[in-house]
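Peer 1: There's a structure below that I have some questions on.
The values are calculated or read from the model by the stated rules, or taken from the named source; none is laboratory data. Quantities reported herein were computed from a predicted structural model and do not represent experimental measurements. All Cβ positions, glycine included, derive from the backbone under ideal geometry; neighbour counts span all protein chains shown.
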Amino acid sequence: MDGRKQIFSSKNEFRISTLKFHPTESNIFICGGFSPEVKSWDIRTSKVLRVYKAAVQQTLDMLFLPEGKEFVTSTDAVSRDSADRTIIAWDFQSAAKISNQIFHERYTCPSLTLHPKESMFVAQTNGNYMALFSAQRPYRINKKKRYEGHKVEGFAVGCEFSPDGTLLVTGSSDGKVFFYNYHTARIIRTLSAHKEACVSAIFHPVLPSLLATCDWAGEVKIWQ
């Protein structure tokens, strides 16, 4: 990073656990964490653009939907009267809450990922399965398709699509990596990657034959 200069610096009043850049506005990002609020920032001015408020204690992950006009957040809300706030859809420009009637099961969703070609997104759940949703209003869940076989068990296990969208990959609390066929939701193969919980598995953005994995203990591996 020699020769690079810092272009943004700011102090946030809550601990940040997730940050995402806007897909079309390169100078804007959103951040969330241990707070009821999600904030959007402008790098050019180092100022907060908008604040998105929900009756939750923590934002676990965030995901911009196609074109960046809307985004969804996953939260820590799991009690009987708050299960309808587990996943919330927001209007980016107005900061209005579009819907909190998206996911009604009492599981938190530690990670979200968008399909690269279709208007769909997936939520990893602590129910040991991944749920499929439409990325268009009203963001309906696909009740006929569920990706299950791996284990989450309270870990912040990530999931991701392959660049061509045919595979869905996820880590597992038993250290394995699971590869699912996106269309059939069937397990294609598993990889015994780590001794500790595998919390992330991601494809290389240019070389899809390469896969990076990491575990809870900090071990990182690259697979071909």
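Peer 1: Can you name every residue in region 28-47 that is surrounded by 14 or more Cβ atoms within 10 Å (Cβ to Cβ) and not charged (D, E, K, R)?
Peer 2: 28, 29, 30, 31, 32, 33, 35, 36, 38, 40, 41, 43
Peer 1: Is it the case that some residue within region 152-159 is on the phi < 0 side of the Ramachandran plot and surrounded by fewer than 17 Cβ atoms within 10 Å (Cβ to Cβ)?
Peer 2: So the first thing to find is which residues in region 152-159 are on the phi < 0 side of the Ramachandran plot, and the list is 152, 155-159.
Filter once more, keeping what is surrounded by fewer than 17 Cβ atoms within 10 Å (Cβ to Cβ): none.
Within region 152-159 (the criterion being on the phi < 0 side of the Ramachandran plot and surrounded by fewer than 17 Cβ atoms within 10 Å (Cβ to Cβ)), the answer is no, since none of the residues qualifies.
Peer 1: Got a sec? Which of 26, 35, 46 is at pLDDT 90 or above and touching a Ser or Thr at 6+ places or on another chain (Cβ under 6 Å)?
Peer 2: Exactly one of 26, 35, 46 is at pLDDT 90 or above and touching a Ser or Thr at 6+ places or on another chain (Cβ under 6 Å), namely 46.
Peer 1: Just to verify a result, which residue in region 165-224, among those that are charged (D, E, K, R) and surrounded by 15 or more Cβ atoms within 10 Å (Cβ to Cβ), is nearest to the chain's Cα centre (by Cα)? Can you show your working first?
Peer 2: The initial filter retains those residues of region 165-224 that are charged (D, E, K, R), namely 174, 176, 186, 189, 195-196, 215, 219, 221.
The next check asks that each one be surrounded by 15 or more Cβ atoms within 10 Å (Cβ to Cβ); those that pass are 174, 176, 196, 215, 221.
Details: 174: 21, 176: 19, 196: 21, 215: 17, 221: 21 Å.
For region 165-224, the residue satisfying everything is 215.
Peer 1: Select the strands (runs of 3 or more DSSP E) contained entirely in region 103-210, then report the ones holding at least 2 residues which are of a type outside the set (Asp, Glu) and over 25 Å from residue 224 (Cα atoms).
Peer 2: Answer list for region 103-210: 120-125, 129-134, 141-148.
Peer 1: So, in region 1-27, of the ones that are in contact with a strand residue (DSSP E or B) (Cβ under 8 Å, 6 or more places away or on another chain) and among the basic types (Lys, Arg), which residue ends up surrounded by the fewest Cβ atoms within 10 Å (Cβ to Cβ)?
Peer 2: Ranking the qualifying residues of region 1-27, first place goes to 15.
Peer 1: Sticking with this structure for a sec: May I ask you to list the residues in region 118-151 that are of a type in the set (Phe, Trp, Tyr) and surrounded by fewer than 17 Cβ atoms within 10 Å (Cβ to Cβ)?
Peer 2: Passing the criteria: none in range.
Peer 1: Please go through region 48-69 and give me each residue that is touching a residue at least 60 places away in the same chain (Cβ under 8 Å) and either under 17 Å from residue 111 (Cα atoms) or buried (at least 21 other Cβ atoms within 10 Å of the Cβ) (or both), ordered by number.
Peer 2: Kept after step one, since they are touching a residue at least 60 places away in the same chain (Cβ under 8 Å), are these residues of region 48-69: 60, 65-66.
Of everything in region 48-69, those that are touching a residue at least 60 places away in the same chain (Cβ under 8 Å) and either under 17 Å from residue 111 (Cα atoms) or buried (at least 21 other Cβ atoms within 10 Å of the Cβ) (or both) turn out to be 60, 65.
Peer 1: Given the conditions (1) surrounded by fewer than 20 Cβ atoms within 10 Å (Cβ to Cβ); (2) within 16 Å of residue 62 (Cα to Cα), report the number of the one that residue 109 does not fulfil.
Peer 2: Residue 109 satisfies every listed condition except (1).
Peer 1: Moving on to the next point. Can we say residue 75 is touching a strand residue (DSSP E or B) at 6+ places or on another chain (Cβ under 7 Å), of a type in the set (S, T, N, Q) and at pLDDT below 95? Step through it out loud before you land on a result.
Peer 2: Details: touching a strand residue (DSSP E or B) at 6+ places or on another chain (Cβ under 7 Å): yes; of a type in the set (S, T, N, Q): yes; at pLDDT below 95: yes.
For residue 75, the condition - touching a strand residue (DSSP E or B) at 6+ places or on another chain (Cβ under 7 Å), of a type in the set (S, T, N, Q) and at pLDDT below 95 - is met.
Peer 1: May I pose another question? Select from region 1-53 the residues that are of a type in the set (Phe, Trp, Tyr) and not in a loop (DSSP other than H, G, I, E, B) and write down the one among them that is farthest from residue 74 (Cα to Cα).
Peer 2: Filtering region 1-53 for residues of a type in the set (Phe, Trp, Tyr) gives 8, 14, 21, 29, 34, 41, 52.
Now restrict to residues that are not in a loop (DSSP other than H, G, I, E, B): 21, 29, 41, 52.
Values: 21: 17, 29: 17, 41: 19, 52: 13 Å.
Ranking the candidates gives 41 first.
Peer 1: Separate question: Please find, within region 134-164, the residue that is nearest to residue 181 (Cα to Cα) out of those that are in contact (Cβ under 8 Å) with a residue 60 or more places away in the chain and under 15 Å from the mean Cα position of the chain (by Cα).
Peer 2: 135
Peer 1: Suppose we filter 51, 38 for residues that are touching a Lys or Arg at 6+ places or on another chain (Cβ under 7 Å) and more than 29 Å from residue 185 (Cβ to Cβ); which single one remains? Break it down stepwise before answering.
Peer 2: Working: 38 fails: touching a Lys or Arg at 6+ places or on another chain (Cβ under 7 Å).
The match here is 51.
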